[in-house]
Structures are given as C-alpha cells and as structure tokens.
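Working notes for the structure below.
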Amino acid sequence: MHRARPATVYPGRVTRPRRTFRTLVAAASALLTAAAVAGCSNAVDPVELPSTEQFEQELLDQINALRVTEGLAGLDASECMAQHARERATQLPGAVDVPRDELPADCGDFDYAGENVSRSDQSAAEVVDAWAAQETQRPNLVDPLFVEAGVGCVGVAAADTTRVAEEGEDVAGMACSVIFQGTAE
C-alpha cells in the first residue's frame, strides 16, 4: 500500500494501487453454484430474459437502488469498464472456477477495484439480491469508495451451456461481470 491509512480489505475486492490489481472473488464458486445455469448438463431448456444490453442496465439499476437504500450515491456507468466486463463474462459459461485474471487498470485514474460475477437464469434483481445476501459479495455493492462500475453480460447458450449464445440463439441464462472502481482513502 502506498497509503498512510490502508483501506479495509474485504473478500471479493482489491485495495492495492492499480499496478498490482488482482481479482479476489471470494466465495464466487458458491455464487456460481447457487445461481448456476443448468448444473452438469450441457443442454437445458431456454429461459426468457431481456437482451444482454437491457440485463446489464437492470443489474446496474438494481445495484444503485440497493446503494440508495444504504444512503450511498449511485455508481456512474463506465463504458470502458463495461467492455472489459463483457470480455470477462465470456469466460464464465462452462467455467468450473471463476477466472482470476487481474482487473484492468486502463479506464480512468482509479486505484481501487473489485468484481462480482454471476452465471444465472435469474432476473437482474434476483442476482443482486443473491449478491447482497452474501457477506463476501455484498461489500462491493455498498462500498462508498466505489464511484463507477462497468457491467458486462453474455447470454449462455441453452443448447450448450459451456459457450456463449450466438445472436438470436435461445439462452439458458446470463453470465455477467460487474467491475467496480474508486479511489482508496
């Protein structure tokens, strides 16, 4: 840390200067299991979900609604981080473990970041409710130091849940990454 007073570290987020960002998604395997699409089968019945763009917006809206109920400001949307989040979301269909790649650090002058991921056939509201109920995922949602978020989702193919759905293909759910950014105290 290059700070006189280091920020509190919670599982699921990083408080190091950006050149040493690492993704720490504690209990993410529990999240993937709890909200998993289809279990072990590669083909499942499709579900009705909004478009990926609408689902991304609904996720951010639900996160911001939670933050407002906690007396916090909403997060600004970062299209730069959303592009990174979409790339990261493509790694989730079929993943046994959550990818632990470093978080990108090229979207603004921030030195504090975190990430929540999901792979689910639930609505955006249900995904945020599941995150909010987990002590390892909730801190990112309500951290007052985070000021921006990039939300990226991809449809999971119903015909083969190990891959991203192609345009117009039935989906079994959404795989999403939300990358939070801020400045450590």
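A short reminder: the numbers here are calculations on the coordinates, not readings from a lab. These numbers were taken from a predicted model, which means no experiment stands behind them. Reconstructed Cβ throughout: ideal geometry from the backbone, glycine too, with neighbour counts over all protein chains shown.
Could you tell me the calculated FRET efficiency between Glu126 and Cys80, based on Cβ-Cβ distance and R0 = 22 angstrom, to the nearest 0.05? Between Glu126 and Cys80 the formula returns 0.20.
For the range 146-158, the Karplus equation 6.51 cos²θ - 1.76 cosθ + 1.60, evaluated at θ = phi - 60°, returns couplings of 7, 10, 9, 8, x, 10, x, 10, 9, x, 9, 5, 5 Hz by residue, with Gly and Pro reported as x. Amide H to amide H, with H built 1.01 Å from N, Ala184 comes under 5 Å of Asp111, Tyr112, counting only residues 5 or more places away or on other chains. Extension gain, Asp61-Glu87: 0.36 nm per intervening residue step, less the Cα-Cα distance, totals 7.3 nm. A straight line joining the Cα centroids of the range 97-154 and the range 166-182 runs 12 Å. Between amide H atoms placed 1.01 Å from N, distances below 5 Å from Leu103 occur with Arg22, Thr23, all of them 5 or more places distant or on a separate chain. For the range 35-185, the ratio of Cα radius of gyration to the globular rule of thumb 2.2 N^0.38 Å stands at 1.00.
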